[in-house]
1. Within the set of other residues whose C-beta is less than 12 Å from the C-beta of Ile340, count the net charge using Lys and Arg as +1 and Asp and Glu as -1.
2. I need the trypsin sites (Lys or Arg not before Pro) found in region 261-366, filtered to DSSP loop residues with at most 12 other beta carbons within 10 Å of theirs.
3. Please list, in order along region 310-322, the HN-Hα scalar couplings obtained from phi with the Karplus expression 6.51 cos²θ - 1.76 cosθ + 1.60 (θ = phi - 60°), rounded to whole Hz, x for Gly and Pro.
4. How many angstrom lie between the Cα centre of region 305-370 and the Cα centre of region 240-285?
5. Report the net charge of residues surrounding Cys385, where surrounding means a beta-carbon distance below 12 angstrom and charges are Lys +1, Arg +1, Asp -1, Glu -1.
6. Rule-of-thumb check for region 85-219: C-alpha Rg over 2.2 N^0.38 Å?
7. At a 1.4 Å probe radius, carbon and sulfur cover how many percent of the accessible area of region 279-393?
8. At a 1.4 Å probe radius, carbon and sulfur cover how many percent of the accessible area of region 110-223?
Amino acid sequence: MSRKKRRRDRQQKKVEKRKKKAQTSSRSSRRQAVVDVSTPSVGDKGGADLENARGASKLPSKPTKKTRGPVILKVRNLRTDFHTPNGVVHAVQGMSFDLHKGEILGIVGESGSGKSVTNLSLMGLIRKPGVVTADTLEFDGQFLQNLPDAQMRKIRGKRIAMIFQDPMTSLNPFLTVGDQIAESLELHENMSTEQAIKKATSLLEDVGIPDPAGRVHQYPHEFSGGMRQRVMIAMALACDPEILIADEPTTALDVTIQAQILELLKRLRDQRGMAVILITHDLGVVAGSCDRVIVMYAGRIAEQNETRPIFKNPGHPYTAALLKSIPRIDSSGKGELHPIEGMPPDLSKTLVGCPFEPRCEHREASCKTTIPQLQAHGSTGLKACDVAWNKKG
């Protein structure tokens, strides 16, 4: 018998033993588990979040004033290039921002704007032909740039965790969800298999999965899309991270489940005090969830501000165009949707002017030759636009 076959047999026996052990508690838990499919568990503001999750970007409610936590992540001049046979693709060009403890920072933009690459770069997950450089990548006083892989592995998954896009392809179909959650606990927390499975069961309960004692021994295909997303969140939370990066956590989920997932992330943020980076292309998700927002275009920051000013008084024409391209629930009559004409620029070519200039309805002659730098907008924001197109700003 080969070593691989013996290993598979041991794994199968282990799973069967756990299933038998959980049968009694599973029956009891199933009787108590009640899932209300008619009403999303989104607390008192469920209706508002549900409307925002539909993409009908109503102006976010005015937030209560709270003191910002200390900076836990400082990023300065982050650049990520991919060296391909057809040239160098400049996927991220000069990203700079701070992330504060306990806040939810939204990063929004079209597909290909550099949102996911930015966060994969922070996690040290870019491999050749990608090259990541930065003036500063500082996490809780520790500089991440040029950190050896062995050191980075102690941070990645433990102190900085990530929920990847598409849980069906991110989860291993050959392992139970409990084994997949337990893996990081055994690696980072030095837990035994039994201890790790017990903690995995508790985490499934924390993220709202009914009958966690039974479902911890099930496989990904036995879960719905929303439940798989909850499993991914439980996996990311396993080692109690200080930063959680959620990459499109509501994609392909129906609107009710979207609202539940967003409310879950906010509740876990409040309970654990962690910072969250929420990557999305959906402004409705941003409106209902985020404290601050970065709008990205062509690998650069087009605008960043607190959430309410972004919707009330956008500083960049691209942000305004995004807002005009989605339906609003507070508009009277049959409002017309305004598509953004044209296509994003080819990032393998050198830009000589504003990257949004060919698609901008407020462009001026100088936009063709000058790349705008970030400048103050209002009392809390920054914008990368030199044109005085918005009289409010």
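The values are calculated or read from the model by the stated rules, or taken from the named source; none is laboratory data. Since this is a predicted model, take the numbers as computed values, not measurements. Ideal geometry is used to build each Cβ from the backbone, glycine not excepted, and the neighbour counts take in all protein chains shown. SASA here: full protein model, heavy atoms, side chains in, ligands and nucleic acids out. Shrake-Rupley method; radii C 1.70, N 1.55, O 1.52, S 1.80 Å.
1. -1
2. Lys334, Lys349
3. Rounded to whole hertz, the list is 4, 7, 7, 8, x, x, 10, x, 5, 4, 4, 5, 4.
4. 25
5. For residues surrounding Cys385, the net value is -1.
6. Output field value: 1.25.
7. Ligands and nucleic acids excluded, carbon and sulfur reach 53 percent.
8. Percent of accessible area from carbon and sulfur atoms in region 110-223: 51.
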